[in-house]
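Enquirer: Can you keep this structure in mind? I'll have questions shortly.
The values are calculated or read from the model by the stated rules, or taken from the named source; none is laboratory data. It should be emphasised that the depicted structure is a prediction, and the values quoted were computed from it without experimental measurement. Reconstructed Cβ throughout: ideal geometry from the backbone, glycine too, with neighbour counts over all protein chains shown. For the accessible areas, the whole protein counts, side chains as well, though only heavy atoms, and no ligand, DNA or RNA atoms are used. Shrake-Rupley method; radii C 1.70, N 1.55, O 1.52, S 1.80 Å.
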Amino acid sequence: TTSLDSLQPYVQSAVSLKVQLYSDKKLFQASLDLPGTADLLVRRLGEDVTTQETRNGRTYQVITRHYLLVPQRSGELQLDGPVLNAQVADVNSRVDPFLARLFGQLQIEGGLGGTRPLRLRGDPVKLMAQPRPPAQRTGDWLPAQQLTLEDAWRPADRTIAVGEPLTRRLRIAAVGQSASQLPDLSA
């Protein structure tokens, strides 16, 4: 399953995408891919979180992964759905008699019957990126979810004397923006 925190973000703003994979089978050599495009940048956030959930009497392992999407142009944008590539135990394959005698009742990860490939593609991810508002057509554009600007003086008590250096340090932080999107405060 996939879920977005916003279906109509502004261009160059961040959108959080949560991908959840439900499996009632053990997966081997699993990988989950979500490639970006020139119009929609994709960055994986943090580590996967694994939990268990019971639905209709069946227990599933749930793997949750978070991504940050950044639309690079306005309009309708679409990503191909996430792709799972894995190996699953193949209960229908024949067990090699030699291996069965050699290992007997030993439980081997993946089973003696072998594995088979599994490839699943999730539904496409669609959103409608809004253009910059008319009042923001020129100048810096920072569509942040939260913006803070802090300053610090040295000396801290702002007591100064002629000829002594005075330093003012500015710090800007924006939730949902990359460092490259922040304006340069050195000027």
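Enquirer: When ranked by the protection proxy of mean other Cβ atoms within 10 Å per residue, highest first, what sequence do the peptides 76-82, 11-17 form? Don't skip to the answer; put the middle values down first.
Expert: Details: 76-82: 16.4, 11-17: 20.3.
Going from most to least packed, we get 11-17, 76-82.
Enquirer: Kindly report the accessible area of the chain per residue (heavy atoms of protein chains, probe 1.4 Å, no ligands, DNA or RNA), in Å².
Expert: Working: 13050 Å² over 187 residues.
That works out to 70 Å² for each residue.
Enquirer: Same structure again: When you count, for each residue, the other Cβ atoms within 10 Å and take the mean per peptide, how do 144-155, 117-128 rank with the highest first?
Expert: 117-128, 144-155
Enquirer: Roughly speaking, what is the stretch gain from Asp39 to Lys18, that is 0.36 nm per residue apart minus the C-alpha to C-alpha distance, in nm to one decimal?
Expert: Result: 5.6 nm gained on full extension.
Enquirer: Segment 111-187 to segment 1-77: how many Å between their Cα centroids?
Expert: 21 Å
Enquirer: Only Cα pairs under 8 Å and at least 6 apart count here; give the relative contact order of the chain as a rounded whole percent. Let's see the in-between values first.
Expert: Values: 348 pairs, mean separation 44.0, N = 187.
Averaging sequence separation for qualifying contacts and normalising by length gives 24 percent for the chain.
Enquirer: Right, next: Using a Förster distance of 30 Å, how high is the FRET efficiency between Arg73 and Asp5, based on the Cβ-Cβ distance and rounded to 0.05? Intermediate results must be reported in sequence, preceding the final value.
Expert: On the way: r = 20 Å, r/R0 = 0.66.
Here the calculated transfer efficiency is 0.90.
Enquirer: Related question: Please work out the FRET efficiency for the pair His66 and Gln87, using the Cβ-Cβ distance as r and a Förster radius of 25 Å; give the result to the nearest 0.05.
Expert: Values: r = 25 Å, r/R0 = 1.00.
With R0 = 25 Å, the Cβ-Cβ based efficiency is 0.50.
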